1. How big is the C-alpha Rg of segment 409-481 next to the rule-of-thumb value 2.2 N^0.38 Å, as a ratio?
2. Give, in nm to one decimal, the length gained when the segment between GLU463 and ILE340 is fully stretched (0.36 nm per residue of separation minus the Cα-Cα distance).
3. What is the extension gain from VAL86 to LEU246, computed as 0.36 nm multiplied by their sequence separation minus the C-alpha to C-alpha distance, in nm to one decimal?
4. Take peptides 31-42, 407-418 and line them up by average Cβ neighbours within 10 Å, highest first, as a rough protection proxy.
5. Suppose the chain between ASP395 and ALA78 were pulled fully straight at 0.36 nm per residue; how much longer would it get relative to their current alpha carbon spacing?
6. Show me the ranking of peptides 421-430, 467-476 by mean Cβ neighbours inside 10 Å, starting with the highest.
7. Can you tell me what the convex hull of the Cα atoms of segment 333-481 projects to on average, as an area in nm²?
8. Which whole-number percent is the relative contact order of segment 235-361 (Cα, under 8 Å, 6+ apart)?
Amino acid sequence: MTAPRLSGISVCVFDAYGTLFDVNAAVARCRDQIGPKADLMAELWRAKQLQYSWLRSLMRRHVDFWQVTGQALDFAMAAVGLNDPVLRARLMDLYQTLDAYDDAAPCLQRLKAAGLKTAILSNGSKAMLASAVDSAHLTSLLDAVLSVDEVGICSLAPSVSCRRTAGTPMPPPISASRSPGPTAPASRASICRARWRRKSARWPSCPLFSDFDRKGSAMALPAPDFADVAAANMRIRPLAWRTPLLENQRVNDLLGGKLYIKAETLQRTGSFKFRGALNFILQLDAEQKKRGVVAWSSGNHAQGTAEAARLMGVPAAIIMPADAPALKIANTRASGAEVILYDRVKQSREEIARKLASERGAATMPPFDHPWIIAGQGTVGIEICEATAGLAIDDVIAPCSGGGLATGIALALAELSPKTRMHTGEPAGFDDMARSLKSGKRETNAAMSGSICDALMSPSPGEITFAIAQQKVASGFAVTD
């Protein structure tokens, strides 16, 4: 069925929720309580709200806008350092008032002066929104209200001609939340292939996935969610290689099922680490890129960071243990990075890295415990779901050191394949994540070395990764060399 279109409206379509109404008005009424970061919080709240609804609409998921708004507000408040349940409750109450913010009318007047027709897209009641538009004195500045739920049109003035034009689809708005429709049996295939690929050309330039993320780079970011993983997937796609899922029929016969191997050894630099490193560097601003990055790693993150930095023309210094494989050290240097060796038993790589970054004004780039790194690694999970669209995946097991890969994949699976169980795999004696999941607190390994799995010997899970794992990871396994 073809969606109708309002004749003449092809440029300026606004989402009523969070764009012309609500967010700015609510924040304005609480400006004294919020403080000097009120404008930033409003921008983050609105941007994250639209990002959540945009992604859910692309995936044909029902958008509970009240829930989405609350999640977006939680993100915005955490980003500006606010933890006030009373303030949050008041903001959510004010959000329902549908009062236009002060700049809405001048903005619409400029659009009208430019000869552009304007409309509002609403996934709520047309009557409620029309009433709010009228009370905000915006009626004369709008040509129509488009209802997502009814896929119809509501005229605001007798002079506005509203009609259905057969065969002409409505242009996609920048932030539309669609009503839930019938889900086809192959919906995951549609989600993971047709919809994302069809929209991907627009996403990299969308402010929700570029400017907004960069503005957040100067603050302590909250834990990532699926929206961050999906954004990373679009961001790194031009440079990160899509790796295959491999299977062997003999192994399948022995198991009595199907076993797939995600061949990330075929990724640039030989591991998934390139994904997170690239996602991190792409979100640095121009000045930060000039000053470079400082990372610490036993090898794989080092190589991934060095190569991502080389491709982006960013200086990189990597702190590596002296007993790291010689090949990994050589490969890191070959990509143009400065390598600084340390004794992993006697010295702290984090302290060395942070001191160096402070001296140079560079960005510190941890191997796993950072939202941008986790989101980048989580793109592996998106590719798994894309490659297995239409199949029921029972379990996914990911190698785990600090937990960036496992928790990133878990975020993707929770959204795209919620019945799939996520597990971690660690060397025996270095199974800190598995033990942490059992005890409910971050455990530390007794030894600092002693496994052939040199990349899986982090002393303990990350703070962010463990918090995600507690919610998204079913269990962990310890495997002997």
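1. 1.11
2. Taking GLU463 through ILE340 to full extension adds about 41.7 nm, to one decimal.
3. 52.4 nm
4. So the peptides 31-42, 407-418, ranked by packing, come out 407-418, 31-42.
5. This chain segment gains 110.9 nm when fully extended.
6. Those peptides, ordered most packed to least, come out 421-430, 467-476.
7. Reported value for the Cα convex hull: 10.3 nm².
8. 20
The values are calculated or read from the model by the stated rules, or taken from the named source; none is laboratory data. These numbers were taken from a predicted model, which means no experiment stands behind them. Note that we place each Cβ from the backbone using ideal geometry, even for glycine, and neighbour counts take in every protein chain shown. Side chains included, ligands, DNA and RNA excluded: accessible areas come from the protein's heavy atoms. Shrake-Rupley method; radii C 1.70, N 1.55, O 1.52, S 1.80 Å.
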